[in-house]
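Q: Dropping a structure here in structure tokens format, bear with me for questions.
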Amino acid sequence: MGGFLYGVILQWRLDLRSRTLLITCYAVPLLFFAVMGGIFTSVMPETRETLIQSMTVFAVTMGALIGLPPSLTELYRSDVKNAYQANGVPLSLGLVLTNLSAFVHLLLMSVILYMTAPVVFDAKLPKQTGTYFCGLVILIAVSLGVASIIGLAVKDTANTSMFSILIFLPSVLLSGIMFPSDMLPKIFVTVGKLFPATWGYKLLTDGVFSLQTLCPLCGIFLAASVLCRVLLKKIQTR
């Protein structure tokens, strides 16, 4: 119990010092929402129907893929790892706490978008509120799972940022939030299906749970969980 409390306090202190978390989970998504939301609704008024979903997918994808990996790299490639071990804290707890923290931030950001989009841009609320937020929880969890692989696999912060951007850009561009997926070449559509943002956007816009959408998300999450476990074992042996 003492080790768990120590991990919670340490993670809280790291969050308070993290400018990356503030920028990627709040500042940039809100700026993107303010600028692109105005452009989308002015040029294509019909985008009001899915503006909340598209802005939320962008915010979740950015906060997870660019915000989380540097925190994990700092945790497991610095003296923080030694502090965990010295105080009897399992290294896996660091991964869990970091993901929980990021999950709360991303969920809060998504709620902000959900509440402000109808007021600012006259965006339409999703018809099934419960289904929408259940789908949002799934999207956040899967996105954080993919982000955790980057944070655990890459050894330094500079490379972490590079790999995060390499995953983030196709996730956003090929997900359908910027323009309809049917406008893309078939090869790009196929590649886009490898990223949780594509399936998450479909889930949020459809407003219903279907095996066609849930199975890919569950598959990505399970694969990410297995890889994270393998990577944690490698870190423990170093």
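Q: Do the sum for the chain: with -39,500 (n - 2.57) for every DSSP H run of n ≥ 4, divided by all residues, what is the mean residue ellipticity at 222 nm, to the nearest 500 deg cm²/dmol? Show your work: numbers first, answer last.
A: Working: 12 runs with 182 residues, N = 238.
Computed ellipticity for the chain at 222 nm equals -25000 deg cm²/dmol.
Q: Could you give the angle, 0 to 90 degrees to the nearest 10, between helix 91-121's Cα long axis and the longest principal axis of the Cα atoms of the chain?
A: 20
Q: Count the net charge of all other residues whose Cβ sits under 15 Å from the Cβ of Tyr201, scoring Lys and Arg as +1 and Asp and Glu as -1.
A: Details: positive: Lys193, Lys202; negative: Glu49, Asp182, Asp206.
Here the count lands on -1.
Q: Still on this model: Please determine, in degrees from 0 to 90 and to the nearest 10, the orientation of helix 2-17 with respect to the longest principal axis defined by the Cα atoms of the chain, where the helix direction is its Cα long axis.
A: So the helix axis and the longest Cα principal axis differ by about 50 degrees.
Q: Regarding the stretch 2-236, what is the average projected area of its C-alpha convex hull, in nm²?
A: Mean projected area of the Cα convex hull: 12.8 nm².
Q: Which lysines have a Cα less than 30 Å from the Cα of Lys234, not counting those fewer than 8 places away in the same chain?
A: Qualifying lysines at Cα under 30 Å: Lys81, Lys155, Lys193.
Q: Could you work out the relative contact order of the chain? I mean the mean sequence separation of Cα pairs under 8 Å and 6+ apart, divided by the number of residues, in percent. Can you show the working numbers first?
A: Numbers: 278 pairs, mean separation 61.4, N = 238.
For the chain, the relative contact order is 26 percent.
Taken together, the values in this text are just the output of simple stated rules run on the coordinates, not laboratory data. None of the values given here were measured: they were computed from a predicted structure. All Cβ positions, glycine included, derive from the backbone under ideal geometry; neighbour counts span all protein chains shown.
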